[in-house]
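The values are calculated or read from the model by the stated rules, or taken from the named source; none is laboratory data. Note that the structure is a prediction, hence the values are computed from the model and not measured. Quick reminder, even Gly has a Cβ in these numbers, built from the backbone with ideal geometry, and neighbours come from all protein chains shown. Please note that ligands, DNA and RNA were not included when accessible areas were found on the heavy atoms of the full protein model with its side chains. Shrake-Rupley method; radii C 1.70, N 1.55, O 1.52, S 1.80 Å.
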Amino acid sequence: MSTRGIQRINWRVLAPFALAAVCVLSYSNSFGAEFILDDSRVILTNPFIARLWPLNTSPRGVADLTFRLNHFFGGLNPSGYHAVNVAIHTAAALVLFGLLCRAAAFRRVRESLGMDQVSMGFLAAALWAAHPLQTESVTYVCQRYESLAGLFTFFCLYAFVRGMGGGRAARLWFDLSIVVCALGMGVKETMAVVPPLLLVLDAGLLAECPAEAWRKRKWVHVALFMTWAFFGLFQFSYTIHNTAHGLSAPRVEVGIPPLWYLVTQFGVIVHYLRLALLPINLCLDYGWPIAQKWHETLPQALVLAFLGGASVLAVVKRHPLGFLGAGFFLTLAPTSSVIPISDPAFEHRMYVPLAFVLTALVGGSGVVVSAACRKLGRSLCRPAAVVAAVLVVVLSVATWQRNADYASSERMWEDVSKKCPANYRARLGLGQALMDRGAYEDACKVLSGLKLDLDTAILSGGQTKLVAARNPGAVYYPVLVQLGMAESNRGRFGEAEPLLRGAIAWNPKAADAYCSLAAVRITLGEEVEAESLLRQALAVDAESVGANALMAGLMARSGRHVVAKQYYRAALSRAPDRAVLCTDYAWLLATSPLVNVRDAGEAEVFARKAVELTGGTSHRAFDVLGAALAEAGRFDEAAEMAGKAISILDASSSGLGSLETRAEIVSRIGLYRSGQSFRAVSAAENESGN
């Protein structure tokens, strides 16, 4: 075998490993990032995250299963979720590499290339994998929906191309493409474009003529289009599940006319293309405004008309660029056409379309370099390879740097607020992130400034904006609630109450303002009024976690333990992984004087769960676990757990409050060693629980 042949074989073998290394190195600093923004809704507060079955709790059941498996094996540790996201992205890059190499082996594609198929496939896949535009789909955990849909899309294309290659396994590859496409309908709705995309690939590029595609493979294409029924099946199954459990599907009122959404998308798509070529000033939440007049996006519309027309012409002439152009527009169509979505622009929507853009650029560059080599009479392969390697490294470094913005919600919202100061939602998010960190004074500064801007915008009629992120009226209520809570946490109750009462007046159909005001009244000792406010909150939203949790605590402190138990269960049914709820509920079950409330076994389960959720760092969780074990008659273990609570308390706290807590735990250890359980203050209810 020639040296050149050996090198080609080595490169073919090494390319996948090099590509995987690019993916892992680009995202090597993402594993320590926290859950941010919508990760809370998808993972942290998802009541179904801890269940592997049933799958039909959302129309995206296949993707949701991966989150459940993450939870099954690693709980709520973010690093495990990030690892799976990077693995999905790596797999998608490898499948894309295989797809490009296989497609480039077909005559019509091969003849238009200026480089060998392995080099072309590797460079396009490496640029795609390392591109910082992909961070929103990889580092932002809940956007696994997008990256997993991308993996399914690439694999459908890859399996179809393998089937086109003929051989004994051709039928198997076609069947696999159909199966993957059907499953993909349960990943994300954007998978609906795969059947028409495969038809364009077959008839417009790979087949010897369009008629051959239909004559030889019409039943394959018919089966692929029939997979749309699986999307309906996932949606129907989701509806049946909700009906059976008395749940209602979330409804999002978009309120954007389809025509103006389309006009807006002209600007959005050109912005996406700019980011593909020059990925700077990336932003997680643009709050992109809706176009109000035709001429606002006329230049961008002309650019897209040219690109679309060129793509159609290339498809008619059966040139590879035609399929790449068609693929770009088709894969963007579900989110960037006439179907209004509440937010017109998000970078994760470019996850798959970016592959078509970069493949076109790599293929075009190869043709240019090949022509230059012929004109100059010498090879430019090495300089071109160096330039390509530098590009991959530069993109990888940019991705690594961008990952740092996903380290926490505070850092991300701060980044968005700087880049899009007119995005009210970003400033609201920054205020919430500062509160979560306990920086209440800083939060008040951010939220007070935002409230002042909102007051001005509302007075000037700015609330007519259609995009929620820039709609003062849509953001005003949560700003009042958060600012009220921030002032309350600073001990400024006089400032907090008017804000929270104003929030209730602004939106009396939302429960959280009632809950926040109730918490203030509880702090001030006005528990009767607090109970009234919480009942109003529950009348608005009976499933409100905050209202049920606060009511449970209020009932427990007033001695109404049977009712408290019911409220705790209602709160935990919606937030099963909230450590404070698990701790307080376990304490009630372990220490209530009422026999019909106490349950040692259940108390131990929730106490151990609290220990796990807090990473073994909460003295309160170990103290409660000790009480639960004592109630079960395991006094030696109870004393041991209480001892751990004291050790954690001694290592982490100081002050009078800590000394008092320590003394209480020590007294409980004395009870356990004498063979007695601990009992809370006598309940006001009788044993019947009336």
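A few points about this structure:
- When the range 461-479 is filtered for residues that are over 25 Å from residue 516 (Cα atoms) and at pLDDT 75 or above, nothing remains.
- Sub-7 Å Cβ pairs linking a first residue in the range 163-182 that is touching a residue at least 24 places away in the same chain (Cβ under 8 Å) to a second residue that is β-branched (Val, Ile, Thr), at least 6 apart or interchain, are 174/220; 178/227; 181/194; 181/227; 182/227, ordered by first then second residue.
- Conditions (1) free of Cβ contacts under 8 Å to residues at least 40 places away in the same chain; (2) touching a helix residue (DSSP H, G or I) at 6+ places or on another chain (Cβ under 6 Å); (3) closer than 29 Å to residue 41 by Cβ; number of the one not met by residue 529: (3)
- Residues of the range 585-610 satisfying the condition of being open to solvent by less than 10 Å² (accessible area, probe 1.4 Å) and assigned to a loop (DSSP other than H, G, I, E, B): 592, 594, 597
Condition check ((1) open to solvent by 50 Å² or more (accessible area, probe 1.4 Å); (2) at pLDDT below 90; (3) in a helix (DSSP H, G or I)) across all residues:
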| site | (1), (2), (3) |
| --- | --- |
| 624 | no, no, yes |
| 637 | yes, no, yes |
| 661 | no, yes, yes |
| 690 | yes, yes, no |
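- Restricting attention to the range 252-268, the residues that are touching a helix residue (DSSP H, G or I) at 6+ places or on another chain (Cβ under 6 Å) and either open to solvent by 40 Å² or more (accessible area, probe 1.4 Å) or aliphatic (A, V, I, L, M) (or both) total 2.
- Single residue of 362, 367, 352, 312 found to be without any contact (Cβ under 8 Å) to a residue 60 or more places away in the chain and either open to solvent by less than 40 Å² (accessible area, probe 1.4 Å) or not polar (S, T, N, Q) (or both): 312
- When the test is whether a residue is within 25 Å of residue 285 (Cα to Cα) and modelled with pLDDT under 85, residue 45 passes it.
For every residue, the table says whether it meets (1) touching a Phe, Trp or Tyr at 6+ places or on another chain (Cβ under 9 Å); (2) at pLDDT 95 or above.
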site: 398; (1), (2): no, yes
site: 406; (1), (2): yes, no
site: 410; (1), (2): no, no
site: 413; (1), (2): no, no
site: 422; (1), (2): no, no
site: 428; (1), (2): yes, no
site: 432; (1), (2): yes, no
site: 444; (1), (2): no, no
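- Checking each residue in the range 416-428 for being charged (D, E, K, R), buried (at least 21 other Cβ atoms within 10 Å of the Cβ) and under 14 Å from residue 282 (Cβ atoms) picks out no residue at all.
- One residue from 40, 30 being of a type in the set (S, T, N, Q) and either assigned to a helix (DSSP H, G or I) or modelled with pLDDT under 85 (or both): 40
- Residue 254 fulfils the conditions (1) closer than 26 Å to residue 344 by Cβ; (2) modelled with pLDDT of 85 or more except for a single criterion, (2).
- Conditions (1) of a type in the set (Gly, Ala, Ser); (2) free of Cβ contacts under 8 Å to residues at least 24 places away in the same chain; (3) crowded, with 18+ Cβ neighbours inside 10 Å; (4) closer than 30 Å to residue 470 by Cβ; number of the one not met by residue 336: (2)
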